[in-house]
Amino acid sequence: MTLLVIIIILAFIFDYINGFHDAANSIATIVSTKVLTPFQAVLWAAVFNFAAFFIAKYVIGEFKVANSVASSVFEQFITLKVILCGLVAAITWNLFTWWLGIPSSSSHTLIGGFIGAALTASGGNFAVINYHKVLPTVYFIVLAPLIGMIVAFVITLIIVNVCRKANPYRAESWFKRLQLASSAALSLGHGSNDAQKVMGIIAAAMVSAGYIDSIKSMPDWIPLSCFTCIALGTMSGGWKIVKTMGTRITKVTPLEGVAAETSGAITLFLTEHLGIPASTTHVITGAIMGVGATKRLSAVRWGVTVSLLWAWVLTIPISGLLAAVTYFIVNLFI
């Protein structure tokens, strides 16, 4: 019981960190275009992060992403110790990348930590991994930013052609208003996708401890708490990553902000429908690259994106290694 309580508390801490680590994803473009101040932007994003609970619960009617995370390791190999070590590794990597200002994926660090701890506990038995659930997540390390980039590229071209005769001043004024809606949609997608990952971990812990039979019988206080934690984390901001996302990849206008955020929201809602825990970080980065590429390829600072790509590729294996080391240490005491 004590270990389960510790896991739930750590899960909420991870969810909170996820919020301020990924706040940049929701607010970077709307801050860089000066539509909202940073303080206004995090409040705006936090409200819609929490509102995503009602979309997932009452509109979609199920938590597919939570189920995918909980099922990334086969149930017979899941123990409270495995979950604890996976969470510790995920928190460590998230804080490290936040400190460096690298927008890494909270989703992938959580899954990597979970798998790394399970592999260590089983003596390196790769049969612990549910490849049916894990491989789509791995594929979307590439597909998520690619989809975000293509959709943003197309949306930007459509908007530019439709509005080419519009008065520039009036058009910018309208796009600033529209960016409030596109940013809200992106925050809904972010909240719904990311809060569910922590729900999946808590549900897996409660199943392992024998308190519930499956994720479908998860009590309502778990999703409500998870959505609250990620919203509070978003309100805390993540200004180092905002700078990377909002200015270092490419300069973004309100028009391009609308295109990038709309693309990000579409991609996130698609992955949620498919039950794939995609990275909000990857999606919005790809979308920002897409709007930049409509001007010219040189408008995108590809050197920055290459360094981000390395962080994305390394997140799962490094999180797995951190979890393995954590498991060896924890095993000495528990």
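The values are calculated or read from the model by the stated rules, or taken from the named source; none is laboratory data. Quantities reported herein were computed from a predicted structural model and do not represent experimental measurements. No Cβ is skipped: glycine too gets one built from the backbone with ideal geometry, and neighbour counts run over all protein chains shown. The area values use the complete protein model at the heavy-atom level, side chains included, leaving out ligands, DNA and RNA. Shrake-Rupley method; radii C 1.70, N 1.55, O 1.52, S 1.80 Å.
The GNM of the chain, with springs linking C-alpha atoms under 10 angstrom apart, assigns the highest mean-square fluctuation among Ser68, Ser214, Ser263 to Ser214.
Rolling a 1.4 Å probe across the protein heavy atoms gives the stretch 1-333 an accessible surface of 41 Å² per residue. A simple packing score, the average count of other Cβ atoms within 10 Å per residue, orders the peptides 183-189, 44-50 as 183-189, 44-50, with the highest score first.
Computed packing ranks the peptides 84-96, 313-325 as 84-96, 313-325, most packed first, by mean other Cβ atoms within 10 Å. Computed from the Cβ-Cβ distance with R0 of 56 Å, the FRET efficiency linking Ile158 to Val330 stands at 0.60.
Within the accessible surface of the stretch 1-333, defined with a 1.4 Å probe on protein heavy atoms only, the carbon and sulfur portion equals 71 percent. Between His273 and Tyr131, the modelled labels are 2.9 nm apart [label points 7 Å from Cα along Cα→Cβ].
Semi-axes of the equivalent ellipsoid for the chain, computed as √(5λ) from the eigenvalues of its C-alpha gyration tensor and ordered from largest down, come to 35, 19, 17 Å. Taking all Cα pairs closer than 8 Å and separated by 6 or more residues, the relative contact order of the chain comes to 38 percent. With R₀ set to 35 Å, the beta-carbon distance separating Glu62 from Trp99 gives a calculated FRET efficiency near 0.45.
Judged by the mean number of other Cβ atoms found within 10 Å, the most tightly packed of the peptides 52-59, 271-278 leads the ranking 271-278, 52-59. Do you know the Lys pair count in the chain for C-alpha distances under 23 Å, with sequence separation 8 or more or different chains? Count of close lysine pairs: 27. Gain on full extension, evaluated as 0.36 nm per residue between Leu43 and Lys295 minus their Cα-Cα distance, stands at 87.6 nm.
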